[in-house]
Amino acid sequence: MSTRKVTSPGLLERLENGAVICAEGYLFELERRGYIQAGAFVPEVVLDHPEKVYELHREFVHAGSDVVEAFTYYGHREKLRVIGKEELLEPLNRNALQIAADVADESGALLAGNICNTNIWQPDNQSTHAAARGMFEEQVGWAVDGGVDFIIGETFCWVEEALAALQVIQAADKPSVITFALDADCLHDGVDGVTACKQLADAGADVVGLNCSRGPATMLPVVEEIRAAVSCHVAALPVPYRTTADVPTFQLLHDASCSCTADIGTFPTALDPFVCNRYEIAEFAKKVHTKGINYVGLCCGAGPHHVRSMAEALGRTPPASRYSPDMSKHAYQGTDENIPDYYKNLGKMYE
Ligand SMILES: [Zn+2]
């Protein structure tokens, strides 16, 4: 058992009193930084370069995240089997949890365990259900050993798989956040996102909602419907990309202006032209907050500047706000009395 003290106030108490921000997107950010391989997307970085994981956790908390999510996403048995390194499964999970616990404890943030889609689930194949449940049990067991405050089960595309994850979290007696990755209008099993969340809420999930796949514009209308359909807390963690009604998910975005990605496609390594700016993220945060959606965050593609904008939009001043933009001191565009008039005049070329 863990000797870690639970964080106070806890997740549910914080949600009763306002927003909880959870920064995600570790896979994409550490891939960009050169410490994770796109494709398998296995977080070996927690063993190979733990200092980089510490750094990113700290950057997200500095920017306003209330949660440090242990980086065990895709650190499950199936993913490690695919890359031929199952022997790393337990040390990877335990290291990820220790790193996250250290940052949570030094900052007062909540510590979250993490499980996700197993990539083995098949609806009519009972043996895959048992194997998936086993994968959840071993990861949840390590998370409990690591002293987590709550457990996130995310990016599910099958309702039954999400329900199995929820049951394992409930058996461990931890608060649960269950989110679906809604690619098309429906999940793989043909259930729409609202009905799926309602089923999870009815089964006792503490927080239900969506994460990943959809950008702010195409996640917002669905989470509003979810908010109206359930009585528990609702989560909204979009990817920071400009998805549209015609192209609702980031997997479908296609960059027609770039011929060099014609063969490989835009997702996941060439999405740069579609990244939302920080102001669009602030707008999303304000909108969901006024709708009573209190568990907010960002997924794949997010950087600390997005997280800070989200926090500030919710009325926070995280430590990173010390460095929020102040264009009054800009050499050409500034209005400050210390900027020479000659340069202010030169700055008119920007107008
Ligand atoms: Zn994601």
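The values are calculated or read from the model by the stated rules, or taken from the named source; none is laboratory data. Model, not experiment: these values are computed from the prediction. Here Cβ is always computed from backbone atoms with ideal geometry, including for glycine, and neighbour counts include all displayed protein chains. The area values use the complete protein model at the heavy-atom level, side chains included, leaving out ligands, DNA and RNA. Shrake-Rupley method; radii C 1.70, N 1.55, O 1.52, S 1.80 Å.
For the reader, a short list of remarks on this structure follows.
- Ala96 vs. criteria open to solvent by less than 10 Å² (accessible area, probe 1.4 Å), outside any loop (DSSP other than H, G, I, E, B), aliphatic (A, V, I, L, M) and in contact (Cβ under 8 Å) with a residue 60 or more places away in the chain: no
- Region 248-283 - residue that is aromatic (Phe, Trp, Tyr) and under 20 Å from Phe41 (Cα atoms) and, of those, least open to solvent (accessible area, probe 1.4 Å): Phe250
- For region 284-317, the set of residues classified as assigned to a loop (DSSP other than H, G, I, E, B), open to solvent by less than 10 Å² (accessible area, probe 1.4 Å) and away from the ligand (no atom under 15 Å from the Cβ) consists of Ile293 only.
- As a summary of the residue check, Val275 satisfies the conditions (1) out of contact with any Asp or Glu (no Cβ under 9 Å at 6 or more places or on another chain); (2) more than 16 Å from the ligand (Cβ to nearest atom); (3) of a type outside the set (Phe, Trp, Tyr) except for the one numbered (2).
- Contacts under 7 angstrom Cβ, first residue in region 213-236 being free of Cβ contacts under 8 Å to residues at least 60 places away in the same chain and open to solvent by 30 Å² or more (accessible area, probe 1.4 Å), partner part of a loop (DSSP other than H, G, I, E, B) and within 15 Å of the ligand (Cβ to nearest atom), 6 or more apart: Ala217/Thr243
- Scanning region 224-259 for residues that are more than 16 Å from the ligand (Cβ to nearest atom) and assigned to a loop (DSSP other than H, G, I, E, B) yields a total of 12.
- In region 33-48, residue surrounded by the most Cβ atoms within 10 Å (Cβ to Cβ) [restricted to those that are within 14 Å of the ligand (Cβ to nearest atom) and more than 16 Å from the chain's Cα centre (by Cα)]: Ile36
- Residue check, Glu154 acidic (Asp, Glu), open to solvent by less than 10 Å² (accessible area, probe 1.4 Å) and under 30 Å from Arg308 (Cα atoms): yes
- Residues of region 188-219 that turn out to be farther than 17 Å from Ile21 by Cβ and assigned to a helix (DSSP H, G or I), as a count: 12
- Of all the residues in region 167-200, those that are open to solvent by 40 Å² or more (accessible area, probe 1.4 Å) and either within 16 Å of the ligand (Cβ to nearest atom) or among the hydrophobic types (A, V, I, L, M, F, W, C) (or both) number 4.
- Pair list, Cβ < 7 Å and 6+ apart or interchain, from region 11-25 residues that are assigned to a loop (DSSP other than H, G, I, E, B) to residues that are more than 16 Å from the ligand (Cβ to nearest atom) and open to solvent by 10 Å² or more (accessible area, probe 1.4 Å): Gly18/Asn294; Ala19/His289; Ala19/Asn294; Ala19/Leu314
- Test: residue in region 93-101 that is within 16 Å of the ligand (Cβ to nearest atom) and farther than 29 Å from Gly292 by Cα: no
- Residues of region 1-30 that turn out to be within 15 Å of the chain's Cα centre (by Cα) and over 16 Å from Ala235 (Cβ atoms), as a count: 5
- Scanning region 54-79 for residues that are farther than 14 Å from Thr118 by Cα and of a type in the set (Val, Ile, Thr), we see that the one that is surrounded by the fewest Cβ atoms within 10 Å (Cβ to Cβ) is Val61.
- When Asp336, Asp272 are screened for being more than 27 Å from Asp185 (Cα to Cα), free of Cβ contacts under 8 Å to residues at least 24 places away in the same chain and not aromatic (Phe, Trp, Tyr), only Asp336 passes.
- Val82 meets each of the listed conditions (1) closer than 20 Å to Leu166 by Cβ; (2) open to solvent by 50 Å² or more (accessible area, probe 1.4 Å); (3) out of contact with any Leu (no Cβ under 9 Å at 6 or more places or on another chain) apart from (1).
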